[in-house]
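Down below is the structure, laid out as C-alpha cells.
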Amino acid sequence: MAHHRLAEAHLAARCPAEAAHQAERALSLLNGVGGDWRRANTLMVLGRALDAVGERRRARACWQEALSVHERLESAEQAEVRHLLE
C-alpha cells in the first residue's frame, strides 16, 4: 500500500516516471494481497503515470484491465475509468 501511495504522491508532484515505478512495485507486491479492488486502483494510477510519460498503449491496457475488475465488482470507480479511456 505504501508504494501505491508513493505513486499517487509522485503523480501529484508531476514526477510520472517515479510514479510509474512505484505503481509497478505496488502491483508486484499486491499479487494475491489486497484484493482485486486495490489492484484495479493501482492499475488506474499506473495508467495515469504511463500516459503522462507518453506510453499511451500501456496506459490504455492498464485502464482496460482496471475497468474489467471494477465492472465485475460493480464498484463506483467504473465511471472514472471509462472517462480515462475516452
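Before moving on, here are some points about what is shown:
- Of all residues in the stretch 1-30, those satisfying the criterion of being in a helix (DSSP H, G or I) and either open to solvent by 60 Å² or more (accessible area, probe 1.4 Å) or touching a strand residue (DSSP E or B) at 6+ places or on another chain (Cβ under 6 Å) (or both) are A2, R5, L6, E8, A12, A17, E18, H21, E24, R25, S28, L29.
- Residues located in the stretch 63-77, provided they are crowded, with 17+ Cβ neighbours inside 10 Å and assigned to a helix (DSSP H, G or I): W63, E65, A66, L67, V69, H70
- Members of the stretch 31-54 that are open to solvent by 70 Å² or more (accessible area, probe 1.4 Å) and outside any helix (DSSP H, G or I): N31, G32, V33
The values are calculated or read from the model by the stated rules, or taken from the named source; none is laboratory data. Worth saying up front: this structure is predicted, and the values here are computed from it rather than measured. Note that we place each Cβ from the backbone using ideal geometry, even for glycine, and neighbour counts take in every protein chain shown. Surface areas here come from the heavy atoms of the whole protein model, side chains and all, with no ligands, DNA or RNA. Shrake-Rupley method; radii C 1.70, N 1.55, O 1.52, S 1.80 Å.
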